[in-house]
Every structure is written in C-alpha cells, then in structure tokens.
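Data block below; observations after.
What follows draws every value from the coordinates through simple rules; no lab data is involved. These numbers come from a predicted model, not from an experiment. Note: ideal-geometry Cβ built from the backbone for every residue, glycine included; neighbour counts use all protein chains shown.
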Amino acid sequence: MKIIVTGGAGFIGSNFVFYERKRHPEDRIICVDSLTYAGNLETLKSVLDDPGFRFVKLDIRDREGVYKLFEEEKPDIVVNFAAESHVDRSIENPTIFLETNIIGTSVLMDACRKYGIGRYHQVSTDEVYGDLPLDRPDLFFHEDTPIHTSSPYSTSKASADLLVGAYHRTYGLPTTISRCSNNYGPYQFPEKLIPLMIANALADKPLPVYGEGLNVRDWLYVEDHCKAIDLIIRKGTVGEIYNIGGHNEMRNIDIVKLICDYLGKPYSLIEHVTDRKGHDQRYAIDPTKIHKELGWLPETKFADGIRKTIQWYLDNKEWWENIVSGEYQNYYKKMYGNREVLDGKEPEA
Ligand code: NAD
Ligand code: TYD
C-alpha cells in the first residue's frame, strides 16, 4: 500500500512515519512537508535512505504540485498531519492557520477526488470541542459533543473537520477523522509546554506558567496516538469520527513541577506570567468508541512516558539546541518578552 503522510517532518507526523515503517515495512510512505519553522528534515534522517520512504518538499496549498504528486504516486491512503499547530502563534497571526489548515485540507481532498483514494484521514484535535469547566470533572468530550471553538487554531481545525464531513457527504469521499488530546514525546518542537519547560529548566531559565497554571490537559504519549491512527486507517469505519485520549488529566503547574523534580531543578524557576488570551480551561476525552470498535487502549503510562521523553531531550540536545539557538530566539523574545510576571503566590499543589 502507498500512504501519503503530510506534515511528516513535524512532531506527530514523524513519529507516525517511524511507527508505520516499523509496523508495516511492506507499505511505502511518501512524506509531504513544506518544512515550515516546525518541520525539520533532521528528524527524518534515519528513514531518508529507506527504499520504502520518499520525502517530497511540498506545500499542501500548492494545488498543481499536489495533483502532480498524486498522479505520480497514485496513493491508497492520505493521512493529513500538516498544519499550523500552535495556539499562541494563532493568536498572533490567524491567517496562515486558515490557509494551511482549511485551504490545504481542501486541496488534498480535491486531489483525492480527482485521482481516487481508498481513505482520506484527517488528524484533528480535541480542541474543536472548546473547553470544559474545571469544577465539572464528570464531563468529557464525546464524538457528538458540539463543536465550540475558542482560538483561531481550534477554529481552523474545526472548519477543516466540517469540510471533511462535507466532502464525505457530498462527494462520497471515504474519510475518517480522529480528535486526539495533547501529545508529548520525542521530536516535539520546544514551543509547546513540555519540551519548552524541559529546555528552559536545563538552561536554568524561568519556566513561564500562564496564569495560575490550573488549566487541565489530557496527555497522551505520541506513539499511542500513532497506533490509534494506524488502526483507524486500516480498520475504522468510513465517515466516522474517533476521539483519542488516555484519561490522563493533569494541571499545567503539576506537569512543570514534575519536570523540575525529574531534572533536580528548584520550583523557584517557575514564573507565573500573563495568561493566554481566551485560555481553554480543561480538555478531557472520552475514548470509549475507539476502544470498543477498534480495541485501542493507550499503552504508555504517564510516569513512564514523561521519563522517556525527558531522557530523550537529554540524549538529543543537539536536535533541540539547534532550534532554540536559531530563529526561535526572536519568537521567544516576542512571545514572552512582553508577558508580565504575576506576583501572586503560587497555588497549592
Ligand atoms: P507540528 O507543528 O509539530 O508539525 C506540523 C508539520 O506540518 C511541520 O512539519 C510543518 O512543516 C508541516 N506543515 C505546516 N504547514 C504546511 C503546509 N502548508 N504544507 C505542508 N506541510 C506543512 O504539529 P504536530 O504537533 O505534529 O501536529 C500534527 C497534527 O496533529 C496537526 O494537524 C495538529 O492539529 C494535530 N494534533 C496535534 C496535537 C498535539 O498535541 N501536538 C494533538 C491533537 C492533534
Ligand atoms: P500547549 O503545549 O501550547 O498546548 P495547547 O495549548 O494546544 O493545549 O499548552 C499546554 C498548556 O500549557 C496550555 O494550558 C497552555 C500552557 N502553557 C504555559 O503555561 N506556558 C507556556 O509557555 C506554554 C507554551 C503553554
């Protein structure tokens, strides 16, 4: 089988490429990535010479280029990871999020219609459901929870999901959608909470926690996400949406303290800074459907996953130090330089 994986030079896409090459070496993977600031060819170096793998530098908004590739490769499956993925950047500049996440998705699906396809899979997010209140731990996101987005990022992802539904209903495109909770693991760009805190802690730099740090995210080890997508593209039902999450809810402040503990760094590095605009309070997935229908369950416990992840960042300093020392410095200054340090007391753990 031939599988086009878009966004395969990013965090989850690259982990998916590795998972597929290991799990299904008989399949051919064609990775499409335009290598934005978040895409890194270095990440894919272990598969670049693999005969079952091809890398194509291509923007998913480039209709002509995408059609040409489909004509050449005649893929059986397309898995679309390519996206602008960082909420804080979407607050600064929403436009590129609309272009890549919505227009790019439509170009890919048009190519699927034109050249025929066995399956188009859209990698979406639990953020399309908006957020849940902190004082209602009994509430979870189900597949039929109404879409109710907060940030330009989640709105662009929700718009893409709606478009996928429209292509399925209108043109009969064989689609599936997965909506996963927050991922962590190797190769995550150090602008996201966990790798940012690891990198800063190792450099004894302040750990910028937004507001009080009481917001809750439902963390899943990236390989468990890859395994779920692999099951959906091979065994999932066309036209369906699958939630993916491991019932592992944690407050941001507790994650940051855990990282300090692992690295032997003092909590005094923690700096409470101006909150994110429109900050979602709590995400929590109900993964019953994918468990019942496809037998998926997360395999990595958070305690093991976070240990492995921290160890990976310790063992692969060069990978992220290159990022942190480059253009990223300007981003960091721009995004964090203006945040006021709140002088309120740190909340009780
Ligand atoms: P990422 O930012 O690490 O990687 C995105 C990749 O897409 C990069 O390699 C980038 O170069 C590429 N890309 C961006 N615009 C492109 C374009 N126009 N054409 C071709 N390639 C382009 O993102 P990630 O964290 O790996 O997320 C991957 C997908 O999973 C996204 O669709 C995201 O919405 C979704 N998701 C992420 C999480 C999470 O916790 N990170 C959770 C649920 C869902
Ligand atoms: P992030 O990793 O950006 O993922 P998302 O916003 O998609 O959930 O952020 C995770 C949580 O961590 C979120 O509640 C915002 C918070 N956060 C901080 O407190 N400080 C930071 O520097 C960053 C990047 C995030």
Rounded, prolate or oblate: which one fits region 1-81, using the alpha carbon gyration tensor with axes a ≥ b ≥ c (rounded when a/c is under 1.5, else prolate when a/b beats b/c, else oblate)? oblate
Which residue fluctuates most in the GNM of the chain (Cα springs below 10 Å): Tyr37, Tyr120, Tyr210? Tyr37
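Using the Cα centre of region 48-121 as the reference point, and only Cβ charges (+1 on K/R, -1 on D/E), how large is the resulting charge dipole? Debye, rounded to the nearest 20.
With Lys and Arg at +1 and Asp and Glu at -1, about 280 debye.
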Of the residues Asn101, Asn200, Asn330, which exhibits the maximal mean-square fluctuation in a Gaussian network model of the chain defined by a 10 Å Cα contact cut-off? Asn330
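Starting from the Cα-Cα distance between Ile91 and Asp315, subtract it from 0.36 nm times their residue separation and give me the gain in nm to one decimal.
Details: separation 224, 0.36 × 224 = 80.64 nm, distance 3.28 nm.
Length difference between fully extended and current span is 77.4 nm.
Residue separation times 0.36 nm, minus the C-alpha to C-alpha distance between Lys114 and Glu71: what's the value? Don't skip to the end; give the middle numbers.
On the way: separation 43, 0.36 × 43 = 15.48 nm, distance 0.93 nm.
Computed gain between Lys114 and Glu71 is 14.5 nm.
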Treating the beta-carbon of each Lys and Arg as +1 and of each Asp and Glu as -1, no other charges, what is the dipole magnitude of region 137-271 about its Cα centre, to the nearest 20 debye? 320 debye
So what's the back-of-envelope 222 nm ellipticity for the chain, counting only DSSP H runs of four-plus at -39500 (n - 2.57) apiece and dividing by all residues, rounded to 500? -12000 deg cm²/dmol
Give me P(r) over region 169-218, computed from all C-alpha to C-alpha distances, binned every 5 Å, as integer percentages. 4, 14, 18, 18, 14, 7, 6, 7, 6, 3, 2
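From the P(r) of the chain, can you give the percent of Cα pairs sitting at distances over 40 Å? Mind showing how you got there, number by number?
On the way: 5594 of 60726 pairs.
Tail of the P(r) past 40 Å holds 9 percent of the pairs.
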So the angle from the long Cα axis of helix 193-202 to the longest Cα principal axis of the chain, reported in degrees to the nearest 10, equals 50 degrees
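Show me the GluC sites (Glu not before Pro) within region 295-343 that DSSP assigns to loop and that have at most 13 other Cβ atoms within 10 Å of their Cβ.
Details: sites: Glu299, Glu318, Glu321, Glu327, Glu340; in loops: Glu299, Glu327, Glu340.
When the GluC sites (Glu not before Pro) of region 295-343 are filtered for loop state and at most 13 Cβ neighbours within 10 Å, Glu299, Glu327, Glu340 remain.
Give the range of the longest stretch in the chain that excludes all trypsin sites (Lys or Arg not before Pro) found in loop regions by DSSP and having at most 13 other beta-carbon atoms within 10 Å. Could you put the intermediate results ahead of the total?
Working: sites that count: Lys45, Lys277, Lys301, Lys345.
The longest uninterrupted stretch comes out as 46-276.
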Take every Cα-Cα distance within region 91-231, group them into 10 Å bins from 0 onward, and report for each bin the whole-number percent of pairs it holds. 10, 32, 37, 16, 5, 0
Alpha-carbon Rg with Dmax, taken over region 13-154, Å: 17.0, 53
